[in-house]
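Below you'll find the structure, written out as structure tokens, and then a few comments.
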Amino acid sequence: MFKQSRLLKKLDHTLLAVVALIIIFSLVVIFSATKDDTVLKKDFIKQILFVVIGMGAMIFMVNINYEDLARHMKKLYILNLILLGAVIFMGDSALGAQRWIEIGPFRFQPSEFAKLIIIICFAAFLNSRQGKLRSFKDLMPCFAFIGAPLILILKQPDLGTSLVFMAIMFGMLFAAGARPWLLFCLVAGGLAFVSLWIWAHFWCEANSSFHLWIPLKDYQLNRLTIFLNPWDDWHGDGYHIIQSQIAIGQGGFLGRGLFQGSQTHGDFLPIQDTDFIFSVVGEELGFVGAVALLFLFFILIYRCVCIAVNAKDNFGYLVATGVISMIAFHVLVNVGMTTGIMPVTGIPLPMFSYGGSSMITNLAALGLLLSINMKKQNIMF
Amino acid sequence: MERNFIERKMRTYLIIVSIFFSILVFRLAYLQLLQNDKFSTLARENRIRLVTITAPRGEVFDRNGVKLVGNQPVYTVSLVNPGRKNIDDVVEKLAAILGEDPGEIQQKIDQQKRSYEPVKIATMIPLDIVTRIEEQRMELPGVEIYVEPLREYPNGNLLTHVMGYVRQINEEQLAANKDKGYKMGDPYGQTGLENTYEQYLRGQDGGRQMEVDSLARPVRDLGIKEPVPGNNLLLTIDYKVQKVAEEALARASQQAIKEGYGEARAGAAVALDVHSGQVLALASYPSYDPVKLAGVLSQKDYNDLFNSPLKPMLNRALLPYAPGSTFKMIVALAALESGLVKAGDTISDPGYFFLGRTFMDWKPGGHGQVDLIRALKVSCDTYFYQVGLKIGIDHIAGMARQFGLDKITGIELPGEDAGVVPDRDTKIEQRLYYLDEKSLAKVKEINQRYNDLLSRTTDENERKSLLSKKSDELREIEWELDWHDYDTIISSIGQGDNHYSALQLANYIAAIANGGTLYKPYIVQKVVDFNGRIIKENKPVVLGQVNVSPQNLAIVRQGMYEVTQPPDGTAYGFFTGFPPVAAKTGTAEVDDHEPHALFVCYAPYDNPDIAIASVLEYAGHGGTIAGPVAEDMLAAHLGLPVPGEPQKNQP
């Protein structure tokens, strides 16, 4: 199929080792998180299957010529829109949002794959607009490019993934050379604007009969803001945050020991094999385990940055930065959520949370990076 | 793009990521290293469940060991870990099963401050509801059924007013006893001995510590602390006498109603041991069911108990009534002790006494020539009008006070009322309510001024002149502020402001019977712990010795004895086949109602051991209605067939 020895030599072994460590780590923790529950127990086996499929996707991505992808940009972009649109019309809903598509025995989340596709498309798009990113006006087409799929995702509604899209967009714009201050102002301004809007909305609800419209459902709003004061609704929306912090907090320095977490095994911790899996790490393996995991992710990101710097062409460079932005944002927001400093948005921990679509997407993305790495310039960063 | 540009961009990128990662690490360090203790505690509260094992309250026995109050196991429904997410759902389902309002259950949950302790939702759950909850167990996570000891009354309502009732501690009681380890939902004695002896009766709750999961399913037992039962009370009450007293009151009420006294629906009776003050029986009618008060109270039950005009919760043995002629022994003793009247002095009774207006004797035409003993025997009002007027109210009130009639007896029951011994001062007190502010201030000033002057003088004549001047001044404000002869006259037959409880009357009769020693009545002999060790023992307490010569006492006792003797003692006809009994009837006039029926007695006359007082509201003549109550009680005490009881073994 491919020239084995030459290829293997060209692979980034550090990155592969880190990915392997993260996945093994994750399987151990998922085992711990699911072993008491008869239903969830199957998730461990399924996750192993997802890893295998993900590795297949990775190998596939390593073997394609990534430069070809740029040429198929338009087709990919449209395919992406179709997939996302399909979710809205034929998707299964979970927790009030439609995120799943079922094809035969398979059930997948197009919004996960959409992340990788948009990275590839946006990289090609930016590559074609080099030097035309100086002013705000120049950025408008970029916003429109990302905006179309973003609206479909918001329609599901999947706030978490739309935030990931924004992170990818800003990360890649920054890498492509848009003015840092302009980007900073846009991000900061946007955050300030949204915060003010939410605050004003709540203020109006509490103090007047005037209803300030906001494009979010009540449950989304509450989940977004409850992290600021989880005890206000400690048996409602705040429950997840509090139980997660209790789990992490009681872990202490060395943790309560693998399979020994009372929060995990007493089932106090909600959705503990997906969104809140990091809390299991914190509880059972303590500060040491949690920081070790963060360290692994940091090494991963560092290796990805190296690949970006050494990429043969701008397209490769931009794809790499897109993947880095995606992974970094996932880690920051997920860990931030479990430790109670960021809102609950339902963003999984890459290659760590249980879930097939996410695992496959992340491994495929890293496969793409390995492919970029194999064609790198032979100069070290 | 240039390589330099890319490297610069990526360096910045890495720095930004590093900053964010550092924030995460600091956050982790804060949670796991600095706040570790706090979160460990919270985690422990999550998973360690302390299930209280309620200690049984102490049991209560009569003087012969008959169990009066015990405990029985009942089912209670509790909700554990109410912080669960789907709690509203569970509350709704549970409310539907229990037939309660979900809001009330939610309120109970909200009141519980410690979230890791179960919240008691309902007690005394019938078995069919227990079964329904068990059946729907899967849909009711956190709903637990426990077995708890609850008060059981083997004799129904017997002794209810003495024992009082037990109910969940209320917020005020919780606040007042916060150092004593009470918590929401604990049983608490609300009235009666249950209240007075709460600290002895309550046991020490035990507990079972369990490790549970988020659905409160036990994972592991961590240990058990056995509860310590409360201490038992051994009462002075004689079950037989008490039972007969309560039944006789009910019979008396029915009898009076049958005779046309429609309002005769309440009464009281007290029996005391004359040599110790031990209460042998203390009954109040009507009674109530303490079991109803232990659980959820329906609106109807609440109204019946608390808003009924019959006031079944009221302990009428402690409620002052006008004593009527049962007061005459006080006047007789005061007369003899004053030296102004000799036992043999006679008066002629034409059936009335005239002083400004006519004071009627109860017997039209009068009793003819009457001395003291005969006056007691036939309850001659005219005799006591005249004798009372002759000796004056101060002698009478002084004697009444010697018998403790102006004070509460100090029995171990809450809600005792002291009653009124009428004299110049109490008359002013009674009338103060009707005065305007200006007059009130004047009265106070006069009182103070004369009290000062009176305390400085020792001369008897000057005292008299001061008192007469004071009277004049008071009379100027209002005529009825001053004490008048007619006040003395009506007070002498136990009317006017005279008001004493059946307990006070029984105690005063006991002092007459035992030769003048006034004991403090008491109900609890011993407090015994569950190992049989005596925790507290109550001994007779002497409140005072009545300053009356034995001869004078003997004269009055003889008068009381004559009451039960033929041919015309007012209680003649009772106590057939009994040892000799000394008694006195009383028929106390009440404004706008039929008179109260009263009866006091002690027995045996020559060697007394029991004193009894009974009263029936608005029941007419004392002898006919209140007499049989005392007669039945005495029979029960002496082991004789109870005359009032329906004949058994009839073919």
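Each reported figure results from applying straightforward, stated rules to the coordinates on display, with no laboratory input. Remember, predicted model here, so these are calculated numbers, not experimental data. Glycine also receives a Cβ, built like all others from the backbone with ideal geometry; neighbour counts cover every protein chain displayed.
When ranked by the protection proxy of mean other Cβ atoms within 10 Å per residue, highest first, what sequence do the peptides A:203-211, B:411-419 form?
Highest-to-lowest ranking by the protection proxy: B:411-419, A:203-211.
Separation between the B:Leu50 and B:Gln111 pseudo-spin-labels, each 7 Å from Cα along Cα→Cβ, expressed in nm?
2.0
Determine the shielding of peptide A:285-291 by partner chains: average, over its residues, the number of Cβ atoms on other chains within 10 angstrom of each Cβ. Intermediate results must be reported in sequence, preceding the final value.
Numbers: counts 0, 4, 7, 1, 1, 7, 6.
Mean partner shielding for this stretch: 4.
Counting only other residues whose beta carbon sits under 12 Å from that of B:Phe530, what net charge do I get with K and R as +1, D and E as -1? Intermediate values should be presented prior to the final figure.
Numbers: positive: B:Arg57, B:Arg533; negative: B:Glu59, B:Glu226, B:Asp529.
My count for the surroundings of B:Phe530 gives -1.
What angle, in degrees between 0 and 90 and rounded to the nearest 10, separates the Cα long axis of helix B:502-514 from the longest principal axis of the Cα atoms of chain B?
50
Quote the convex hull volume per residue of segment B:327-491, based on C-alpha atoms, as a whole number of Å³. It would help to have the intermediate numbers written out before the result.
Values: hull volume 26.3 nm³, N = 165.
In segment B:327-491, the Cα hull volume divided by residue count equals 159 Å³.
Taking the Cα-to-Cβ direction at B:Glu172 and at A:Leu16 and moving 7 Å from each Cα, how far apart do the two end points lie in nm?
My value for the distance between the label points is 8.1 nm.
Report the calculated FRET efficiency for B:Lys180 and B:Leu432 (r = Cβ-Cβ distance, R0 = 45 Å), to the nearest 0.05. Please report the intermediate quantities before stating the final value.
Numbers: r = 40 Å, r/R0 = 0.90.
The calculated FRET efficiency here is 0.65.
For A:261-272, what's the mean count of beta carbons from other chains sitting within 10 Å of each residue's beta carbon? Write out the running numbers ahead of the final one.
Working: counts 1, 9, 6, 0, 3, 11, 4, 9, 2, 2, 0, 0.
What the average comes to for A:261-272 is 4.
Going through the cross-link list B:Lys342/B:Lys427; B:Lys377/B:Lys584; B:Lys442/B:Lys469, which pairs have a Cα-Cα distance over 19 Å in this structure?
Working: B:Lys342/B:Lys427 29 Å; B:Lys377/B:Lys584 8 Å; B:Lys442/B:Lys469 15 Å.
Going by Cα-Cα distance, B:Lys342/B:Lys427 fall outside the 19 Å limit.
On C-alpha positions alone, give me the angle between the axis of helix B:328-338 and the longest principal axis of chain B, in degrees, nearest 10.
For B:328-338 against chain B, the angle is about 60 degrees.
May I ask you to list the residues of segment B:604-621 whose amide nitrogen lies under 11 Å from a point 7 Å from Cα along the Cα→beta-carbon direction of B:Asp592?
Zone members listed by number: none at all.
Looking at chain B, which longest stretch skips every one of the trypsin sites (Lys or Arg not before Pro) that is in a DSSP loop with at most 16 other Cβ atoms within 10 Å, leaving the sites themselves out? Present the calculation step by step, with values, prior to reporting the outcome.
Working: sites that count: B:Lys85, B:Lys113, B:Arg114, B:Lys183, B:Lys342, B:Lys407, B:Arg533, B:Lys648.
Counting only loop sites that pass the neighbour cut-off, the longest clear stretch is B:184-341.
Residue by residue through segment A:271-287, what is 3J(HN,Hα) from phi via Karplus (6.51 cos²θ - 1.76 cosθ + 1.60, θ = phi - 60°)? Round to whole Hz and write x for glycine and proline.
Each residue of segment A:271-287 in turn: 4, 7, 9, 10, 4, 9, 5, 5, 5, 5, 4, x, 6, 8, 10, x, 4 Hz.
Taking the 0 to 90 degree range and rounding to the nearest ten, how far is the long axis of helix B:550-563 tilted relative to the main principal axis of chain B, both from C-alpha atoms?
Tilt of helix B:550-563: around 90 degrees.
For a quick check: sort B:Val600, A:Val291, A:Val28, B:Val331 by the number of other beta carbons within 10 angstrom, fewest at the front. Please report the intermediate quantities before stating the final value.
Numbers: B:Val600 33, A:Val291 20, A:Val28 17, B:Val331 30.
Ordered from fewest to most neighbouring Cβ atoms within 10 Å, B:Val600, A:Val291, A:Val28, B:Val331 come out as A:Val28, A:Val291, B:Val331, B:Val600.
Would you mind calculating the relative contact order of segment B:50-235 from Cα pairs under 8 angstrom and at least 6 residues apart, reporting the percent as a whole number? Don't skip to the answer; put the middle values down first.
Values: 344 pairs, mean separation 65.1, N = 186.
Relative CO of segment B:50-235 lands at 35 percent.
Taking a quarter of the surface of the convex hull around the Cα atoms of chain A, what do you get in nm²? Walk me through the intermediate numbers first.
Details: hull surface 81.2 nm².
For the Cα atoms of chain A, the hull's average projected area reads 20.3 nm².
In percent, how large is the relative contact order of segment B:475-581, given Cα pairs closer than 8 Å and 6 or more residues apart? Walk me through the numbers before you get to the answer.
Working: 82 pairs, mean separation 16.2, N = 107.
With pairs under 8 Å counted, the relative contact order is 15 percent.
Compute the relative contact order of chain A as a whole-number percentage, counting only Cα pairs closer than 8 Å that sit 6 or more residues apart in sequence. Could the numbers behind the result be given before it?
Details: 535 pairs, mean separation 103.3, N = 381.
It rounds to 27 percent for chain A.
State the number of lysine pairs found in segment B:50-235 whose Cα atoms come within less than 23 Å, restricting to pairs 8 or more positions apart or on distinct chains.
Lysine pairs satisfying the spacing and distance rule in segment B:50-235 number 21.
From other protein chains only, count the Cβ atoms within 10 Å of every residue's Cβ in B:19-27, then give the mean. If you can, show how the numbers build up before the last one.
Details: counts 0, 7, 10, 1, 5, 14, 7, 2, 10.
Counting Cβ atoms of other protein chains within 10 Å of each residue's Cβ and averaging gives 6.
Given the rule -39500 (n - 2.57) for each run of at least 4 DSSP H residues, summed and divided by the residues of chain B, what is its mean residue ellipticity at 222 nm, to the nearest 500 deg cm²/dmol?
Working: 23 runs with 255 residues, N = 651.
Only helices count here, giving -12000 deg cm²/dmol.
Using a 7 Å offset from the Cα along the Cα-to-Cβ direction at both A:Gln260 and B:Leu640, what is the distance between the two label points in nm, to one decimal?
That separation, rounded to one decimal, is 8.3 nm.
Using the Cβ atoms and a cut-off under 12 Å, what net charge is assigned to the surroundings of B:Leu14, where Lys and Arg are +1 and Asp and Glu are -1? Walk me through the numbers before you get to the answer.
Details: positive: A:Arg303, B:Arg8, B:Lys9, B:Arg11; negative: B:Glu7.
Residues close to B:Leu14 contribute a combined charge of +3.
Ranking B:Asp529, B:Asp425 by Cβ neighbours within 10 Å, fewest first, what do you get? Could the numbers behind the result be given before it?
On the way: B:Asp529 17, B:Asp425 13.
Listing B:Asp529, B:Asp425 from fewest to most nearby Cβ atoms yields B:Asp425, B:Asp529.
Return the calculated 222 nm mean residue ellipticity for chain A, to the nearest 500 deg cm²/dmol, obtained by summing -39500 (n - 2.57) across DSSP H runs with n ≥ 4 and dividing by the residue count. Walk me through the numbers on the way to the answer.
Details: 15 runs with 265 residues, N = 381.
It lands at -23500 deg cm²/dmol.
Which of A:Cys185, A:Cys306 has the fewest other C-beta atoms within 10 Å, and how do the rest follow up to the most? Let's see the in-between values first.
Working: A:Cys185 12, A:Cys306 21.
The fewest-first ordering by Cβ neighbours comes to A:Cys185, A:Cys306.
Using the per-residue mean of other Cβ atoms lying within 10 Å as a proxy for protection, in what order, highest first, do the peptides B:611-617, A:64-70, A:159-165 fall? It would help to have the intermediate numbers written out before the result.
Values: B:611-617: 31.1, A:64-70: 15.4, A:159-165: 22.3.
The most tightly packed comes first, giving B:611-617, A:159-165, A:64-70.
Less than 14 Å Cβ to Cβ from A:Val323, Lys/Arg counted +1 and Asp/Glu -1: what total charge do the surrounding residues give? Walk me through the numbers before you get to the answer.
Values: positive: A:Lys115, A:Arg303; negative: A:Asp12, A:Glu112.
So the surrounding residues net to 0.
Mind pulling up the Rg/Rh value for chain B? Radius of gyration and Kirkwood radius, both on Cα.
Values: Rg = 34.2 Å, Rh = 29.1 Å.
Result: Rg/Rh = 1.17.
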